[in-house]
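The values are calculated or read from the model by the stated rules, or taken from the named source; none is laboratory data. Treat the numbers as computed from the prediction; the structure is a model and nothing was measured. Neighbour counts are summed over all protein chains in view; Cβ atoms, including those assigned to glycine, are modelled from backbone coordinates with ideal geometry.
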There are 2 protein chains.
Amino acid sequence: MPYGYNGKILRVNLNNGSTMVEDIDETFYRTYMGGSGLISYYLLRELKPRIDALSADNILIFAPGVLTGTLLAGMCRFIVGAKSPLTGAFGQAEAGGWWGPELKRAGFDAIIVEGRAAAPVYIYIKDGEAEIRDASHLWGKKTGEVQDIIRQESNDERTRVVQIGLAGENLVRYACIVNELKHFNGRNGLGAVMGSKNLKAIAVRGNMEIPVKDEDSIKAVRNRFAGLLNTHPLVKQLYSLGTSATVMGNNALGILPTRNFKMGEFEGASKISGETMVDTILEKREGCFACPVRCKRAVKVEEYGVETRYGGPEYETLASFGPLCMVDDLKIIAKANQLCNQYTLDTISTGATIAFAMECFEEGIITKEDTDGIELRFGNGQAVLQMIEKIARREGIGNILAEGSERAAKLIGKGSERFLVTVKGQELAMHDPRGKYAVGLGYAVSERGADHMISTHDTMLASHGISFDTIAPFGIYEPTDPREFSALKVKTFTYLEYWWSFFNMAGICDFVPVPRSAMPASDVIETLRAVTGWDTSLWEVLKAGERAINMARMFDIREGFTAEDDKLPERVHEPIENGLIKGGYISKEEFEKAKRLYYSMMGWDEKGVPTEVKLLELGLDWLN
Amino acid sequence: MPYGYNGKILRVNLNNGSTMVEDIDETFYRTYMGGSGLISYYLLRELKPRIDALSADNILIFAPGVLTGTLLAGMCRFIVGAKSPLTGAFGQAEAGGWWGPELKRAGFDAIIVEGRAAAPVYIYIKDGEAEIRDASHLWGKKTGEVQDIIRQESNDERTRVVQIGLAGENLVRYACIVNELKHFNGRNGLGAVMGSKNLKAIAVRGNMEIPVKDEDSIKAVRNRFAGLLNTHPLVKQLYSLGTSATVMGNNALGILPTRNFKMGEFEGASKISGETMVDTILEKREGCFACPVRCKRAVKVEEYGVETRYGGPEYETLASFGPLCMVDDLKIIAKANQLCNQYTLDTISTGATIAFAMECFEEGIITKEDTDGIELRFGNGQAVLQMIEKIARREGIGNILAEGSERAAKLIGKGSERFLVTVKGQELAMHDPRGKYAVGLGYAVSERGADHMISTHDTMLASHGISFDTIAPFGIYEPTDPREFSALKVKTFTYLEYWWSFFNMAGICDFVPVPRSAMPASDVIETLRAVTGWDTSLWEVLKAGERAINMARMFDIREGFTAEDDKLPERVHEPIENGLIKGGYISKEEFEKAKRLYYSMMGWDEKGVPTEVKLLELGLDWLN
């Protein structure tokens, strides 16, 4: 019996309703580790190139990481992966909560779902056994109801349910996946893949213990981290304000995406801030499995029927429905958040697609005729709520916007593509790259389109006052200006991308380790050693992280992506219109130079293609 | 006050007899660390390209590492560096003993010697103070006498003396440097650089404490290592037989260099083995500063006047004067060893140059007329002793052989170059690459010519039965066949070269950590953390190791070396004539392929030149 994982993957074939258990050995697990490493391995091995992401040919993988389920802050994540219907590229999205640890305690390190069920089904897993159950009665229902019914059917209030709502069923290309009604595999439209398979939910219950090698060391790490809870500035802030703390910070720095990224400062910021949330609608602070940080919010707004069980808006949601759409009403944003939860819509892409449509409306490219009479102007909060309903149901213009802004611009035409703020078809997250260049580089080169789950050290080191000493173990001893593309910046970005990639493979929340937060790299490594018994190192895990990035890139190359696709939207090359960095923009020339430097540092050729030697080095010669 | 080092470098200008202390800061020390990192930094900064290595323009650097002086097995090394008069390339050689720790306790992290004294001098250093003293009375004397006199003059029996003998004074191009009469900075002819500066010795006495950050952790590492002393096979063997254990092992594997590398098995092996030494001439087992391994030998041979204070022959010496010259008389080898000690001749290059001359003699290219009547045949032990005297004194043919075999072949002519077994002008160490390909790759690509202080994992993992699990923290999970050039072999070689390079920078003896021996990589990292207080990692130290390799390479490129110089001698491309791998040879094509793969894995171009981006990544843009 291995330590820290089960050595077993569950395969579910929805074409014929069969299930199968596949054994994986220690070297496999140490090489690919879980999360995106495991996902990209199976996608590369088993998907034919250029399939339709919403066809039965796609496979959908649910993969916790090697540390998921460890009784330690942040060790709760699992990753869902497939070819993305939004980007057509390598698709993955991670979530916290309890579902990942539960799956591991149910005996599996991952689930691979193949094919497509003839009628709606859900998968029920308990302690090593899996069955496929009818879900016809759940189809069309809101997520809260579905969870209640499945728990009743399993006669167990602690059954953990991961599921899709209406948007997933209706194949909205940015539908997400939710567990426990408040933890989201948000991006890349993986909820639509789940919907395309007629898979409504996966319910899991596990009572099996995952043995760890060295309980005492884990306890020691836990104690050291606990000692930081009341002293580390960012940990304290995550507790008191959650991610919504970022609203006022980004606004002050002029990088709070406002009016579809035209601006960086929002007049109504303080009305929708984390501080205001605490003073008004906040009911509870919540967290994930084994985590004392408790960065999650639960809010209540009686007039809109917003219930605490759907959690509350995070920073990304506050920004995308708030400043990006110029809405300064926190209660409306809370309602938008709950609707997205109930329908499983990614709030970032939903808000950003609506903001795009609003700009089209303001510019006269779409009119009230197109919107069934809705005055789709910036600042119209009610219009936002109406659009969410339309998108989830694919009604009227919602059917166009459900395709994501990039496909919508093609359908709308009339020059609307100049209002797009996307990379590889995915809408930018709520961090304006003009104020933190590394984030821009990350958006552009990400194998999964613009995504905030990237190396955000510019934010951490520069804006949040985190000491750059924490990345000295990476061999980096100096900070860089957030608004420069120096070689040191690109190096820092590259090394920390390996680190972030490893978090994903291991199932670690990036709000816990350095540089974002308080747990030193050495304690992360010590945890991996203590859980698995592996004599490991920062070198080994960064090389593993690098391996997963290269695999995702090889997937994208196979799908036809090139260096041309590693680009930023025009908007961030234009001057930002207000705020602290008013007039600031990213020079195309400097960006291209940084991109080439990144390719070289990755061991890729000038076209962004991993060299044969890099694949050999990483043990990926099976991809050559 | 920093931990683990002084932050001070002593500069001695022999042109004008001045001394100066230079401060270095923590970031510098963390980046370059000492040893070859520090040496290559100063050589690149301060040497004009293509100077004569034996002119006053060369600088000579004595550099312990960041861990030198730690009270832990193997933490005793210091490195001497300069442009090499033997290879014309980056020159460095490391030694154990007590001198390195003593220098640090005398307040200095390194000594840089510039210029040339008008008459012989020695440098005396005590507790932060340095003076230049007359050495006219020491010039020409044997090392034992010199040490006695300097200790008398300093009125302190514990004064540690590093010095040259006659060969250094006479600028023999492979003269070495000795401390305590038995620890050698052996290769690259740095003793000749010392001689060219009229610098006879550096005597050091230090009573200053170097504070360490975390004494308890060092104690814990020490205790863990102590627990392995009686259980780890290689540690036990190093105590019982020393490096001479290798004689019988290599003979059995058919890779004991015999008859100038024509053969790999020596009939007389058992007569000169470590086992025989124990049974006959061994008097004592000795060690270095703070080290319980005690791999050093001290022998006594009354009939030849061999005294224990000169130590005893190591494996390299046994092989170079033994099988390589076909001599099977252990007492003669012990005498040869003592002569080399007294005159400071590198025993590897001395034995190998004599073997080369013997082959020339056997083939009739040189005759008794050239040798002053000496019958310079393979197996003639007395001839070996006579040749050592002639070389040290540059008498007769000794004056030619003192130039090293490659220059000697040019002087001798008549096709003698086909008997050369050298890389970049330096004679191969006593490990036949035909039986361990990684050693061959290491000889060829080494910036300092063929040298055994390279990544010798082929030996360790394959021949010595060391578990490859010990290198799992490097992300390597499988062993390779010693006689293959697979991608995994090249990767293993490359990663472990970084590791070996770091040992050199840190001052760690490679007989202590994995993969050669018992201390796990994590304990090495823990030691560095405990000594310095740096929150460090395997990643950081391997990147530091990589940095030093790149700096040495940039030095060589500046001196005119190209990929053409990264080659193996013809002899190893020819079939070996006897032994276990009889008929075995290294294919030129396979070797070239492996070399190109190594370049690529290093981030170098196909000419073996570090790319601009690699230098940027390593913070070496000052070299672009």
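Here are the numbers for this structure:
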| item | result |
| --- | --- |
| Scan of the stretch A:172-207 for residues that are closer than 17 Å to A:G144 by Cα and β-branched (V, I, T), ordered by number | A:I177, A:V178, A:I202, A:V204 |
| Selection count, the stretch B:376-399, where residues are out of contact with any strand residue (DSSP E or B) (no Cβ under 9 Å at 6 or more places or on another chain) and over 16 Å from B:R259 (Cβ atoms) | 13 |
| Number of the exception - A:L318 against (1) assigned to a loop (DSSP other than H, G, I, E, B); (2) aliphatic (A, V, I, L, M); (3) closer than 30 Å to A:P101 by Cβ | (1) |
| Candidates A:D469, A:D451, A:D458 - the one that is among the charged types (D, E, K, R), out of contact with any Cys (no Cβ under 7 Å at 6 or more places or on another chain), at pLDDT below 95 and crowded, with 24+ Cβ neighbours inside 10 Å | A:D458 |
| Leading residue by the ranking (surrounded by the most Cβ atoms within 10 Å (Cβ to Cβ)) among those in the stretch B:535-553 that are of a type in the set (V, I, T) and part of a helix (DSSP H, G or I) | B:V541 |
| Scan of the stretch A:575-604 for residues that are surrounded by 14 or more Cβ atoms within 10 Å (Cβ to Cβ) and acidic (D, E), ordered by number | A:E577, A:E592 |
| Filter pass, B:W99 being in contact (Cβ under 8 Å) with a residue 40 or more places away in the chain, within 22 Å of B:F184 (Cβ to Cβ), surrounded by fewer than 19 Cβ atoms within 10 Å (Cβ to Cβ) and assigned by TED's automatic domain parsing to the domain that holds B:A192 | no |
| B:L67 being modelled with pLDDT of 95 or more, in contact with a Leu (Cβ under 7 Å, 6 or more places away or on another chain) and surrounded by 24 or more Cβ atoms within 10 Å (Cβ to Cβ) | yes |
| Count of residues meeting criterion [within 18 Å of A:G608 (Cα to Cα) and out of contact with any strand residue (DSSP E or B) (no Cβ under 6 Å at 6 or more places or on another chain)] in the stretch A:537-552 | 6 |
| Filter result for A:R407 (outside the structural domain of A:G140 (by TED's automatic domain parsing) and more than 16 Å from A:I332 (Cβ to Cβ)) | yes |
| Residues satisfying the stated conditions in the stretch B:495-521, i.e. in contact with a Pro (Cβ under 7 Å, 6 or more places away or on another chain), modelled with pLDDT of 95 or more and facing chain A (nearest Cβ under 10 Å) | B:A521 |
| Filter result for the condition that a residue is touching a Gly at 6+ places or on another chain (Cβ under 6 Å) and buried (at least 22 other Cβ atoms within 10 Å of the Cβ), over A:A117, A:A175, A:A135 | A:A175 |
| A:T367 touching a Cys at 6+ places or on another chain (Cβ under 6 Å) and either more than 24 Å from A:S273 (Cβ to Cβ) or assigned by TED's automatic domain parsing to the domain that holds A:L171 (or both) | no |
| Search result, residues across the stretch B:44-56 that are over 21 Å from the mean Cα position of the chain (by Cα) and under 26 Å from B:V204 (Cβ atoms) | B:R45, B:E46, B:L47, B:A56 |
| Filter result for the condition that a residue is away from chain A (no Cβ under 14 Å), crowded, with 21+ Cβ neighbours inside 10 Å and either within 30 Å of B:F419 (Cβ to Cβ) or without any contact (Cβ under 8 Å) to a residue 60 or more places away in the chain (or both), over B:D556, B:D565 | B:D556 |
| B:G191 within 22 Å of the chain's Cα centre (by Cα) and over 29 Å from B:W534 (Cβ atoms) | yes |
| Lone qualifier among A:V235, A:V278, A:V221 - being β-branched (V, I, T), assigned to a helix (DSSP H, G or I) and surrounded by fewer than 18 Cβ atoms within 10 Å (Cβ to Cβ) | A:V278 |
| Checklist (1) surrounded by fewer than 23 Cβ atoms within 10 Å (Cβ to Cβ); (2) over 29 Å from B:R50 (Cβ atoms) applied to B:E612, failing item | (2) |
| Residue match in the stretch B:555-567 (condition: in a loop (DSSP other than H, G, I, E, B), over 26 Å from A:D605 (Cα atoms) and touching a Phe, Trp or Tyr at 6+ places or on another chain (Cβ under 6 Å)) | no |
| Long-range neighbours under 6 Å by Cβ, at least six apart or interchain, first residue under 26 Å from A:F289 (Cβ atoms) within the stretch A:168-181, second acidic (D, E) and part of a loop (DSSP other than H, G, I, E, B) | A:C176/A:D346 |
| Residue within the stretch B:327-338 that is in the same structural domain as B:L282 (by TED's automatic domain parsing), assigned to a helix (DSSP H, G or I) and surrounded by fewer than 19 Cβ atoms within 10 Å (Cβ to Cβ) present | yes |
| Single match in B:T492, B:T527 (criterion: modelled with pLDDT of 95 or more, part of a helix (DSSP H, G or I) and within 14 Å of chain A (Cβ to nearest Cβ)) | B:T527 |
| The stretch B:196-218, subset assigned to a strand (DSSP E or B) and of a type in the set (K, R), residue surrounded by the most Cβ atoms within 10 Å (Cβ to Cβ) | B:K200 |
| Residue that is surrounded by the most Cβ atoms within 10 Å (Cβ to Cβ) [pool: residues in the stretch B:25-55 that are within 14 Å of chain A (Cβ to nearest Cβ) and assigned to a loop (DSSP other than H, G, I, E, B)] | B:M33 |
| Test: residue in the stretch A:419-430 that is surrounded by 23 or more Cβ atoms within 10 Å (Cβ to Cβ), touching a Ser or Thr at 6+ places or on another chain (Cβ under 6 Å) and modelled with pLDDT under 95 | no |
| Where a residue in the stretch B:186-215 is more than 30 Å from B:D57 (Cβ to Cβ) and its partner, wherever it lies, is among the acidic types (D, E) and buried (at least 24 other Cβ atoms within 10 Å of the Cβ), with Cβ under 7 Å and at least six apart | B:R205/B:E102; B:G206/B:E102 |
| Criterion (touching a Leu at 6+ places or on another chain (Cβ under 7 Å), away from chain B (no Cβ under 14 Å) and among the aliphatic types (A, V, I, L, M)) met by exactly one of A:L580, A:L538, A:L615 | A:L580 |
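Per-residue answers, yes or no, for (1) within 26 Å of B:P520 (Cα to Cα); (2) in contact with a Leu (Cβ under 9 Å, 6 or more places away or on another chain); (3) of a type in the set (F, W, Y):
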{"residue": "B:S240", "(1), (2), (3)": "yes, no, no"}
{"residue": "B:A245", "(1), (2), (3)": "yes, yes, no"}
{"residue": "B:N250", "(1), (2), (3)": "yes, yes, no"}
{"residue": "B:R259", "(1), (2), (3)": "no, yes, no"}
{"residue": "B:G268", "(1), (2), (3)": "no, no, no"}
{"residue": "B:E275", "(1), (2), (3)": "no, yes, no"}
